[in-house]
Amino acid sequence: MRIPRQFFLITIFATISLSAAAAAADSADAPSTAPDFIRTNCENTLYPQLCYHSLSGYANAVQQDPARLARVAIGVSLSRAKRVAFYIANISRQAEYGADPRAAAALHDCFDVFGDAVDQISGSLKQMRRLSAANGGEEIRFEMSNVQTWMSAALTNEDTCTDGLEEVADGPVKEDVVDRTVKVKEMTSNALALVNSFVAKVIVP
């Protein structure tokens, strides 16, 4: 029995239409530009607006690569942590000549833990930059586990700074240090969230 030519044309047309509809549905769910990609991923962080505003300027470098996004977020967090560590170092030296030894001790502790946080974030950034040279899934999992551990430790150290300042009398210096530290904590938290998101998407258990 010969099947009419029209049947083949209808079948082909239907197949093409279904494929096009499926592709359109997939593209509707996917970010269409690098800024959209950053915004979508930032929605999974605790501070999405800060996340987007601090990272959107790097859209050309990030494109739609979750590893690059996590790496850039860590780099931005490191830059902010270094600035705050430098600031605390300066006022810590000044506080040693002040009348409140408790404030001087708290600021000195802040400087110490921020130094540790900077080292941990810096180590995370170096590890992320070496990912492309990783050999096999096990090595990638190990490296990303290090990044997650170090970023979590950095966040804990930043928390330790603000916790230590709770016993210090209120004043402009304390308020300024706490405000700067909270901003760094938020950026570190966002960077860790993007690292975790990358691990969940790319690293197969």
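Among all the lysines, which ones have a C-alpha under 27 Å from Lys174's C-alpha, if same-chain residues fewer than 8 places away are not counted?
Answer for Lys174, where 27 Å is the Cα cut-off: Lys82, Lys183, Lys185, listed by chain and number.
Report the local net charge at Gly123: Lys and Arg +1, Asp and Glu -1, summed over other residues whose C-beta lies under 12 Å from its C-beta.
Charge balance in the 12 Å sphere: 0.
Check each of the trypsin sites (Lys or Arg not before Pro) in region 116-205 and keep only those in coil by DSSP with at most 12 other C-beta atoms within 10 angstrom; list them in order.
In loop regions of region 116-205 (DSSP not H, G, I, E or B), the sparsely surrounded trypsin sites (Lys or Arg not before Pro) are Arg130.
Need one number: nm distance between label points at Asp163 and Asp176, each 7 Å from Cα along Cα→Cβ, rounded to one decimal.
For Asp163 paired with Asp176, the spin-label model returns 2.6 nm.
Would you mind computing, in nm to one decimal, how far apart the modelled labels at Leu46 and Thr156 are, each placed 7 Å from Cα along Cα→Cβ?
Each label point is offset 7 Å from its Cα along the Cβ direction, giving 1.5 nm.
What's the local net charge at Thr33, with K and R +1, D and E -1, over the other residues with C-beta under 14 Å away?
Every neighbour counted, the sum reads -1.
Expressed in nm to one decimal, what extension gain is obtained for the pair Asp65 and Phe142 from 0.36 nm per residue of sequence separation less their Cα-Cα distance?
Length gained between Asp65 and Phe142: 25.7 nm.
Give me the net charge for the shell around Asp170: Cβ to Cβ below 15 angstrom, other residues only, Lys and Arg +1, Asp and Glu -1.
-4
Here, each number is a calculation from the coordinates, and none is a lab measurement. It should be emphasised that the depicted structure is a prediction, and the values quoted were computed from it without experimental measurement. Heads up, the Cβs are rebuilt from the backbone with ideal geometry, glycines too, and the neighbour counts pull from every protein chain shown.
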